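> First the structure, then my questions, so here it is.
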Amino acid sequence: MQDARFINPLHLALTSDLSLIPDMPRSQVKYVGRFAPTPSGPLHFGSIIAALGSYLDARHHQGRWLLRIDDLDTPRLQAGADDKILAALETLGLHWDGMVVYQSRRHEAYQHALANLQSRDLLFPCYCPRKLVKGRPYPGTCRQREVEKDRQHALRIKVAPGTVVLHDLIQTEYRQNLLDEVGDFIIRRADGLYAYHLAVVLDDAWQGITHIVRGADLMASTPRQIYLQQQLAVELPVYAHLPLAVSQTGVKISKQSMAKDVLLLGAPNTVLFNCLNFLGQQPEADLSQAPVRELIQWGIEHWQLSRVPKLGSIIAPEKYRTT
Ligand SMILES: [Zn+2]
């Protein structure tokens, strides 16, 4: 049952169940993980995979697990989706530590970092139409331009030559020549919204995140985040990218592909059992009927990152797919 944990006007929410979390002062915690969903719809199978994988890895290592609502991209948000996500996590036994952080309340921090980068001449205004530069490396067109009064522009960061190497805990080493493959990338969009990469890097650092366990669809953008971490001189977290849940045709199970609310597709314990299987953890068959709490406890005790398939994507069980 849900209770009055969600004090929405203040955007505060406290975890309800601390019994699975070892009593440990924060200073001694060597592992801080997180789950950071965008409240653009209900949790689908793909997002539960990311939530469960990051949760079990954190708890298996006696770590903290924080929840952040990535609600910066306002055009994509769905009213009330944040509360539904919190409730779904509780139903699935994924209890987080401390208060929920909302990115929409962190603008001051983003502005501060932006001013820092600006003062070091690392940013420049870009006036290129979005459709001209979308989907390919930015050729540096506006690098020498100055800000023109009253004209809307994005802000890009100058990328230095060189290869960024990601030593992932699950996938094989990932290398990206950021300048050639991505180019100078956007830090603040033309519509005034802070870019995901800037916000995520600042929030992870501010929250003291040590381990980022998330879907492999974010691998290609990790070098941008590593580059920003270096520029902003923040601690680099460790990354583990889980295989992405996809349809038979390889399409990501996502809100965009009209994925359904996972809790409408079966009992919570069945969802968890299927997720454990998807993540290669091989739960015994007799656990398929076990209650949520028991499955989570089993997952924490038996979690092995080395069992997670080293694949970019895996076809999701049929009932969770839309195609
Ligand atoms: Zn430009």
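Please treat every number below as a calculation from the coordinates, not as lab data. Here the structure is a predicted model, which means the values were calculated and not measured. Quick reminder, even Gly has a Cβ in these numbers, built from the backbone with ideal geometry, and neighbours come from all protein chains shown.
> So for 242, 72, fewest C-beta neighbours within 10 Å to most, what's the order?
Listing 242, 72 from fewest to most nearby Cβ atoms yields 72, 242.
> For the range 107-198, what relative contact order do you get, as a whole percent, if you take Cα pairs closer than 8 Å and at least 6 residues apart?
29
> From Cα coordinates alone, what are the radius of gyration and Dmax values for the range 107-198 in angstrom?
14.4, 48
> Loop only per DSSP, at most 12 neighbouring Cβ atoms within 10 Å: give me the GluC sites (Glu not before Pro) in the range 134-184, ordered by residue number.
Hits after loop and neighbour filter: 146, 148, 173.
> In addition: Relative contact order for the chain using alpha-carbon pairs under 8 Å, separation at least 6, rounded to a whole percent?
21
> Which trypsin sites (Lys or Arg not before Pro) does the range 27-76 hold that lie in a coil by DSSP with at most 15 other beta carbons within 10 Å?
Filter output for the range 27-76: 30.
> Let me ask something else about it. Using alpha carbon coordinates only, what is the Rg to Rh ratio of the range 233-308, with Rh defined as the Kirkwood radius?
1.04
> Working out 0.36 nm times the residue gap between residue 147 and residue 306, then minus their Cα-Cα distance, what length gain in nm do you get to one decimal?
Residue separation times 0.36 nm, minus the Cα-Cα distance, leaves 52.3 nm.
> Residue 315: net charge of surrounding residues, Cβ under 12 Å, Lys/Arg +1, Asp/Glu -1, itself excluded?
Within the 12 Å Cβ shell, the charges total +1.
> I want the antiparallel fraction of DSSP beta bridges within the chain, as a percent rounded to 5.
Taking every DSSP beta bridge with both residues in the chain, the antiparallel ones total about 50 percent.
> Right, here's the next one. Loop only by DSSP, 14 or fewer other Cβ within 10 Å of the Cβ. Give me the chymotrypsin sites (Phe, Trp or Tyr not before Pro) in the range 108-209 that pass, ordered by residue number.
127
> Which of the peptides 214-226, 131-143 is most tightly packed, and how do the rest follow, going by the mean number of other Cβ atoms within 10 Å of each residue?
Most protected by this proxy first, the peptides run 214-226, 131-143.
> Per DSSP H run of n ≥ 4, the term is -39500 (n - 2.57); total these for the chain, divide by its residue number, and report the mean residue ellipticity at 222 nm rounded to 500 deg cm²/dmol.
Calculated from helices alone, the mean residue ellipticity at 222 nm is -8500 deg cm²/dmol.
> OK, next. Quote the charge dipole size of the chain about the Cα centre in Debye, to the nearest 20; the model charges only the Cβ of Lys and Arg (+1) and of Asp and Glu (-1).
Around 1020 debye, computed over the chain.
> For the range 52-179, what's the relative contact order in percent, using C-alpha pairs closer than 8 Å and at least 6 residues apart?
Once divided by the residue count of the range 52-179, the mean separation gives 18 percent.
> Report the Stokes-Einstein translational diffusion coefficient (µm² s⁻¹, integer) for the chain, Rh taken as the Kirkwood radius over Cα pairs, at 4 °C with viscosity 1.567 mPa s.
Answer from the Stokes-Einstein relation: 62 µm²/s.
> Would you grab the residues whose amide H sits under 5 Å from the one on residue 239? Only those 5+ places off in sequence or on another chain, please, with H modelled 1.01 Å from N.
Amide H to amide H, under 5 Å and 5 or more residues apart or across chains, residue 239 pairs with 169, 212.
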